[in-house]
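The next block holds one structure in the form of structure tokens; read it before the comments.
Nothing in this text is a laboratory measurement; each read-out follows from the coordinates by a stated rule. Quantities reported herein were computed from a predicted structural model and do not represent experimental measurements. As a convention, Cβ positions derive from the backbone with ideal geometry for all residues, glycine included, and neighbour counts pool all protein chains shown.
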Amino acid sequence: MAVRKFRRIMAANRGEIAIRIFRACTELGIGTVAIYSEQDRLSLHRYKADEAYLVGKGKGPIDAYLDFEEIVDLARRKEVDAIHPGYGFLSENPEFAEACERAGIAFIGPHARIMRELGDKVAGRKVAIEAGVPVVPGTEKPVQTEEEALLFAKKTGYPIIVKASAGGGGRGMRVARNREELIEGMRAAASEAQASFGNAAIFLERYIENPKHIEVQLLGDKHGNLVHLYERDCSIQRRHQKVIEVAPAITLSKKQRQQVCDYALAIGNAVGYVNAGTVEFLMDRDGKFYFIEVNPRIQVEHTVTELVTMRNLVQAQILVAAGHRLSDPEIGIRSQKDIELRGAAIQCRITTEDPANNFAPDFGTLKVYRSAAGLGVRLDAGSAYAGAEITPHYDSMLVKVSTFGRNLQQAARTMNRALQEFRIRGVKTNIGFLENVITHPDFLGGKYDTSFLETHPEVFK
Ligand code: ADP
């Protein structure tokens with residue numbers, strides 16, 4: 001297989017991840033093409049690319065980034081060689097990947113076949129079971145009737161979690177501790193799933209009490225080589241959505257780390273995984289891992305893995321999509337042994353949400369915006385500048401702050417200092433809340449699980 005030379009890459013996305021992609025391209029000497037919606041005409045990602053084109057005229061702010069026929073057609077006319085989908089939007093849509101390939105444009109991500117095998121949670125569970133990886137006890141298929149659900153409850157017992165097969169971002173999930181909650185939870189999860197993902201399919205799993213969320217980063221090339229880049233601990237969550245992520249998971253023993261990375265590789269190898277992807281697990285209080293899902297794309301929290309492995313994941317994605325082998329000098333991973341873990345990294349997502357008001361999104365003009373800098377601080381921001389308008393059109397993430405140190409304590413000290421350096425006026429942010437979490441002794445000691453925020457109400461003050 002010949003290696004393709006990409007001259008121009010389009011980011012089919014917006015905000016910080018589009019800028020992250022452009023940075024990777026520029027470092028590789030590749031030209032960059034942005035798309036932007038009418039609502040995003042003042043967004044920074046538009047100006048960070050060599051060229052930018054308006055898409056979705058007259059469509060909504062989200063729909064503009066979802067019309068893949070228009071996007072692929074534009075890419076073809078502008079002689080784009082490859083499209084990076086980022087996360088969210090079209091990133092897990094196999095039809096988009098196929099449309100790119102049909103147009104002779106490389107899709108920077110796994111093949112549509114792999115997305116179909118893994119993209120949906122029920123399908124992913126099947127792959128895991130066949131690969132001999134433990135999954136949370138659950139239904140093998142989506143459940144349609146109350147009878148099916150009650151039968152599962154009888155077999156497994158409560159608590160149960162109702163999940164959307166197509167779920168993401170913590171949406172379409174309900175915990176049920178009895179029969180009434182199960183029936184109501186199925187209804188609520190299905191309607192939320194229909195509204196959020198256009199797919200009402202739901203399934204059931206046993207609800208693991210107070211687990212840790214541990215996920216493993218995978219990277220594969222098109223020649224059958226697959227490695228892991230160790231794990232992240234994403235247990236600090238609000239409503240099943242990640243808020244703070246750490247790499248590596250400091251409380252894992254060597255054996256546990258090996259175990260969870262081996263499980264992830266087994267799943268990746270079972271489908272011939274190509275490009276970057278993440279295998280997510282829950283770890284119960286006995287230290288046992290259970291597969292929950294695969295995200296066949298780059299993730300928001302990839303920055304912490306980059307910091308502790310000194311590997312540029314987005315560049316690797318591009319190079320692999322062009323046909324490079326992991327062992328080529330451009331990527332430089334001759335074997336798993338070449339991936340080294342150094343130090344610890346933390347990522348905080350600064351959002352324009354008001355912790356005092358149940359994290360309601362806040363809007364308005366950013367009157368003052370001064371960001372942090374200095375040793376050990378990495379910033380990935382979308383449109384964060386004085387004068388920027390924070391609107392309800394998109395999610396409320398303003399900037400990702402990632403810090404790095406010899407160990408978690410040092411990374412946390414740098415994070416605390418960085419968060420204190422920020423000056424943001426005009427909109428409310430969650431900075432005070434983030435400071436409270438990353439200075440908490442339980443956080444610093446790794447003594448936390450997904451229930452941390454529920455069990456530590458003091459961090460909201
Ligand atoms: P999403 O795709 O919406 O992010 P996930 O399946 O990745 O959903 O789960 C997100 C979070 O929900 C997990 O990190 C965990 O906190 C919680 N969760 C999911 N499944 C279970 C389960 N079976 N038991 C306990 N918590 C769960």
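Couple of notes before you dig in:
- Separation between Cα centres of the stretch 215-266 and the stretch 183-207, rounded to whole Å: 27
- Violating pairs (Cα-Cα greater than 20 angstrom) within the set K212/K242; K400/K447; K222/K242; K126/K222; K154/K212: K400/K447; K222/K242; K126/K222; K154/K212
- Segment V175..K57, full-extension length gain: 38.5 nm, with 0.36 nm per residue of separation and the alpha-carbon distance subtracted.
- Where a label projected 7 Å from the Cα of L341 along Cα→Cβ would reach, residues of the stretch 196-233 with amide N under 20 Å: 211-220, 226-233
- Trypsin sites (Lys or Arg not before Pro) lying in DSSP loop within the stretch 75-138, provided at most 11 other Cβ fall within 10 Å: none
- Inter-probe distance in nm under a simple model that places probes 7 Å from Cα toward Cβ, at E101 and R370: 5.2
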